[in-house]
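Shown next, in structure tokens, is the structure this report addresses.
The values are calculated or read from the model by the stated rules, or taken from the named source; none is laboratory data. All figures in this text were calculated on a predicted structure; none of them were measured in a lab. Areas reflect the complete protein model, heavy atoms only, side chains present, ligands, DNA and RNA absent. Shrake-Rupley method; radii C 1.70, N 1.55, O 1.52, S 1.80 Å.
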Amino acid sequence: WLVPSELFPLEIRSAAQSVVVCVNMIFTAIVAQFFLVSLCHLKYGIFLLFAALIILMSCFVYFFLPETKQVPIEEIYLLFEKHWFWKKVIKDENNGTATNA
């Protein structure tokens, strides 16, 4: 919930946050529907699976999301243009190549 609210520019933030809420609710419903079946088949392994997913997601946040503390919303994109991984992914609109800051 927090990451998308800080990433999107003000012009599209409300629409983007609506999509985020919708996707979150869909995946929550899917997990809720399959939890009991998974619990019956995997027994305690389902909790190990969730623990592994939490560790994986924590590593993703630590290594791939830059700190946005005290950064104005209008300058968030600069953090991603300078980030070691995302600068390879973010393309410059003018010439279609990755930006080198």
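Here K91 is the anchor, and the lysines within straight C-alpha reach of less than 16 Å, apart from those fewer than 8 places off in the same chain, are K82.
For the chain, the relative contact order works out to 20 percent when only alpha carbon pairs closer than 8 Å and six or more residues apart are counted. Between V37 and A52, residue separation times 0.36 nm minus the direct Cα-Cα distance comes to 3.5 nm. Surface composition of the chain: carbon and sulfur make up 72 percent of the accessible area, probe 1.4 Å.
Calculated accessible area for the chain comes out at 81 Å² per residue, all protein chains present (probe 1.4 Å; ligands, DNA, RNA ignored). Note that the range 24-36 has calculated 3J(HN,Hα) couplings of 4, 5, 5, 5, 5, 5, 5, 4, 5, 5, 9, 5, 5 Hz, one per residue in order, obtained from phi through the Karplus relation 6.51 cos²θ - 1.76 cosθ + 1.60 (θ = phi - 60°); glycine and proline are x.
Taking the inverse of the average 1/r across all pairs of different Cα atoms in the chain, what Kirkwood radius in Å do you get?
Details: mean 1/r = 0.0608 Å⁻¹.
Evaluated on the chain, it is 16.5 Å.
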